[in-house]
Amino acid sequence: MLVGSNRTPARLTLNQTRRMNSKFTFTVNGQSRTVSSDPQRPLLDVLREDLQLTGTKYGCGEGQCRACTVLINGKASASCVTPISEADKQTIITIEGLAEGDKLHPVQEAFLAEGAFQCGYCTPGMILGVVGLLNELPHPSDDDILPRMQRHLCRCCHYPKLLKAIRRAAGQTAKPATPK
Ligand code: FES
Ligand code: FES
């Protein structure tokens, strides 16, 4: 006997089957890609499992840690809560697409210069979060930086160096970290 409400339908309807096989085309790191997927599937899963772009990390899966941040049309977005249908015809940058050949992006350079990581698990999302911030505000103040970057969780609690790296990337003089 089946108990509770978690029963799987014995058969999918034709419409459900069609939806599961919808096609989506978007640009990732300068390349056009097409995937066949359930429209509700998270962009994070498509990047990691279908396109093998594993630099984008899974943390909470609920939009709370920002480890999975990518740029969608230049805007920092949590890919774990972005259905693949919303990525259709959009332009996506993951951490793999940030450097130009051997030349790192200035935000990557700033993270290296300040040693702004320990285990590095949060780092791809942090870096893309900073790039997204600088796309919107090229010269952010601490009042701009702190509320935005507080969305990003770092399990190693490396926040003082992260703040220094963000200030460096933003072209500010490094100041003692005094998070509010
Ligand atoms: S894994 Fe996406 S916000 Fe945590
Ligand atoms: S450096 Fe380890 S989670 Fe941030």
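The values are calculated or read from the model by the stated rules, or taken from the named source; none is laboratory data. Predicted model only: the values in this text are computed from it and were never measured. Because the Cβ atoms are built from the backbone with ideal geometry, glycine has one as well, and the counts that use them run over all protein chains shown.
What about LEU98, is it without any contact (Cβ under 8 Å) to a residue 40 or more places away in the chain and away from ligand 2 (no atom under 15 Å from the Cβ)? Full working, then the answer.
Values: without any contact (Cβ under 8 Å) to a residue 40 or more places away in the chain: yes; away from ligand 2 (no atom under 15 Å from the Cβ): yes.
The answer is yes for LEU98.
Suppose we filter the range 35-61 for residues that are polar (S, T, N, Q) and surrounded by 15 or more Cβ atoms within 10 Å (Cβ to Cβ); how many remain?
Of the residues in that region, 2 qualify.
Kindly establish whether CYS122 is within 15 Å of ligand 1 (Cβ to nearest atom) and touching a residue at least 40 places away in the same chain (Cβ under 8 Å).
So CYS122 fits the description; yes.
Might you check whether a residue that is under 18 Å from LEU104 (Cβ atoms), away from ligand 2 (no atom under 16 Å from the Cβ) and touching a residue at least 12 places away in the same chain (Cβ under 8 Å) occurs anywhere in the range 134-153?
Yes.
Among the numbered criteria (1) more than 14 Å from GLY55 (Cβ to Cβ); (2) free of Cβ contacts under 8 Å to residues at least 40 places away in the same chain; (3) away from ligand 1 (no atom under 16 Å from the Cβ), which single criterion is violated by HIS105?
(1)
Take the residues of the range 58-93 that are charged (D, E, K, R) and touching a helix residue (DSSP H, G or I) at 6+ places or on another chain (Cβ under 6 Å): which is nearest to VAL35 (Cα to Cα)?
LYS75
Looking only at residues in the range 68-107 that are among the aliphatic types (A, V, I, L, M) and in contact with a His (Cβ under 9 Å, 6 or more places away or on another chain), which one is surrounded by the fewest Cβ atoms within 10 Å (Cβ to Cβ)?
This residue is ALA99.
This table checks each residue for (1) part of a helix (DSSP H, G or I); (2) basic (Lys, Arg); (3) in the same structural domain as LYS164 (by TED's automatic domain parsing).
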residue: LYS57; (1), (2), (3): no, yes, no
residue: ALA67; (1), (2), (3): no, no, no
residue: LEU71; (1), (2), (3): no, no, no
residue: SER77; (1), (2), (3): no, no, no
residue: GLU86; (1), (2), (3): yes, no, no
residue: LYS89; (1), (2), (3): no, yes, no
residue: PHE111; (1), (2), (3): yes, no, yes
residue: GLY120; (1), (2), (3): no, no, yes
residue: GLY125; (1), (2), (3): yes, no, yes
